[in-house]
Amino acid sequence: MSNQPNPNVFFRSEDMGIGNFPIKGGTINDKGPAFPRTGADGHTSPQSGMTLRQYAAIRLRVPDSETDWLDDMIRKSNRDHFAAAALQPLVTSAIELDHVKWDATAQHAYLIADALLKAREAK
């Protein structure tokens, strides 16, 4: 087997701990490293770092990494993201009405974010 990467394959199956890629009816070893390194001997070297599951949780903004501290960070990030999205129209309308109360506007944005997160979890 050649150590040269195959341009038609994203990940080498032996690096991922899975069968042929793409997976058909198989399962992904989401406990394995997200970014495996292959040594000169062609074997994946053991390393610490994030797992595939953790990487997917971060990229997809889904607090399901099976790592409590990381899931908490993702939840906080989602709350801030939703509050920022809610803040823009609140500030725009407050400026147009010529009465901006910054503290109240920021608190209102987080109330909207909390409501969005609550609705998301109820699904």
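The table for this structure:
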{"item": "Distance between modelled label sites at Leu60 and Asp114, nm, 7 Å Cα→Cβ extension", "result": "2.8"}
{"item": "Segment Gln88-Lys76, length gained on full extension (0.36 nm per residue, minus Cα span)", "result": "2.4 nm"}
{"item": "Net length gained if the chain between Trp69 and Leu97 were fully extended (0.36 nm per residue, minus Cα distance)", "result": "5.9 nm"}
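Rule-based calculations on the coordinates, nothing more; no lab input. All values derive from a computational prediction rather than experimental measurement. When we count neighbours, we look across all protein chains shown, and the Cβ atoms used for this are built from the backbone with ideal geometry, even at glycine.
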